[in-house]
Structure formats: C-alpha cells, structure tokens
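The values are calculated or read from the model by the stated rules, or taken from the named source; none is laboratory data. Since this is a predicted model, take the numbers as computed values, not measurements. Don't worry about glycine lacking a Cβ; one is built from the backbone with ideal geometry, like all the others, and counts go over all protein chains shown.
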Amino acid sequence: MKKILSSLKFLLTASALGLFLIPVWAGVAGSDTAKPAGFGSQAPLIAGLSAIEDSQAFQRYSVRKKSELSRLLYLMDRFRGSGYKVIYDGLEYDSETAAQESRKFIAKNYKQEPAVDWIRENAYRSSPGGNVIQVKTPDGTILDLRDVLIDELESLRRVELKVSLQS
C-alpha cells in the first residue's frame, strides 16, 4: 500500500513532473553521486545516448521556435525511451513515464523561466519527501537528475553554437 501511495504521489507531485526536463555539472554541494567519464565534453553524456546532432530530439528541436520552453521539451525528447530510470523517493520510473508526467507539469506550471532555473527549482528534490531526484543509467550508474539535465542543456548550447558557426 505504501508503494502504491508513493507511486501516486510521484504522478501527482509537481516536482516529479520536472523530471526529464527539467532537464551541466553545476557542482551540487554535498552530492556524492558519480560524474560520468565524458563530463563536460561534447561526447554523449552517458552511454546509451547518441551524439546530440544525431539525435531525433535535436532534429525536433531544430524545427521548433527557439525558446526556453523548447529547450525543456528537447530534454524530455532526449531522454524518452533511453533506458534511463528516474529514482523519486526511492521508487524507479522509466523515462517514458517521467517524460509524460513532465509535459503535464510544464503545461500547467511553466511561467517562461529560463530552462536552467526551471531545472534547478523543479528537478532537484522530491515533494513532499525532500529527497534528491536521481537518474539511473542503463549501466546502473546513479546520478543527480538536475546535474544531468543542466549538463545536457550546456551541451545543447555548445552544439547550437557550433551549428550556427558552420552556417
């Protein structure tokens, strides 16, 4: 029963919906989770993700009007179906579920904030539990969700700059 209630909290809690968007290793104080080997590079952040330029998420992002919201949508698309799991108050959720719930939450609560600010606010701690929201990669590595998403935003920015310089 407790697991069911916790699952329902996940699906209904605002912070949970910032999950895969909500999407730079900002150096979270006190974080003891591992950093991926490719940290800060333009290589895929973690095994299982293609290079940004080759991803369907980037192709979709490229045809959207550029905005902070489109960056958040990119993050959801980037991780959807990736094999990543979100760990929210001790329970694991697949990336598809997290992305669906994130879209609902953003549709209801997004107020034109910069994507990085949205992530820092909504993709760090669970509500009401206050636990750090984490990501489990397909290889079993556990990372703080907020850090993964912010790093992916920074990688997106670098790719956008590279593409614009080539034009």
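Being over 16 Å from SER155 (Cβ atoms) and surrounded by 17 or more Cβ atoms within 10 Å (Cβ to Cβ) is the requirement here; does LEU49 meet it? Walk me through it before giving the result.
On the way: over 16 Å from SER155 (Cβ atoms): no; surrounded by 17 or more Cβ atoms within 10 Å (Cβ to Cβ): yes.
It is false that LEU49 is over 16 Å from SER155 (Cβ atoms) and surrounded by 17 or more Cβ atoms within 10 Å (Cβ to Cβ).
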*asked:* Between ARG78, ARG103, which is among the basic types (Lys, Arg) and in contact with a Pro (Cβ under 9 Å, 6 or more places away or on another chain)?
replied: ARG78
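Matching residues to (1) part of a loop (DSSP other than H, G, I, E, B); (2) under 24 Å from ARG157 (Cα atoms); (3) not aromatic (Phe, Trp, Tyr):
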{"position": "LYS65", "(1), (2), (3)": "yes, yes, yes"}
{"position": "LEU69", "(1), (2), (3)": "no, yes, yes"}
{"position": "LEU72", "(1), (2), (3)": "no, yes, yes"}
{"position": "MET76", "(1), (2), (3)": "no, yes, yes"}
{"position": "GLY81", "(1), (2), (3)": "yes, yes, yes"}
{"position": "TYR93", "(1), (2), (3)": "no, no, no"}
{"position": "LYS104", "(1), (2), (3)": "no, no, yes"}
{"position": "GLN112", "(1), (2), (3)": "yes, yes, yes"}
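Assess whether SER126 counts as being modelled with pLDDT of 95 or more, surrounded by 14 or more Cβ atoms within 10 Å (Cβ to Cβ) and among the polar types (S, T, N, Q). Full working, then the answer.
Numbers: modelled with pLDDT of 95 or more: no; surrounded by 14 or more Cβ atoms within 10 Å (Cβ to Cβ): yes; among the polar types (S, T, N, Q): yes.
The answer is no for SER126.
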*Is there a residue in region 128-140 that is closer than 16 Å to LEU49 by Cα, not in a loop (DSSP other than H, G, I, E, B) and not acidic (Asp, Glu)?*
yes
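Filter region 114-127 down to residues that are in a loop (DSSP other than H, G, I, E, B) and not aromatic (Phe, Trp, Tyr) and give me whichever is nearest to the chain's Cα centre (by Cα). Before the answer, list the steps.
In the first step, residues of region 114-127 are kept if they are in a loop (DSSP other than H, G, I, E, B); the result is 114, 123-124, 126-127.
Subsequent filtering for residues that are not aromatic (Phe, Trp, Tyr) retains 114, 123, 126-127.
On the way: PRO114: 14, ALA123: 8, SER126: 14, SER127: 17 Å.
If we take residues in region 114-127 being in a loop (DSSP other than H, G, I, E, B) and not aromatic (Phe, Trp, Tyr), then ALA123 is nearest to the chain's Cα centre (by Cα).
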_For region 129-151, give me the residue count where each residue is in contact with a helix residue (DSSP H, G or I) (Cβ under 7 Å, 6 or more places away or on another chain) and surrounded by fewer than 16 Cβ atoms within 10 Å (Cβ to Cβ)._
0
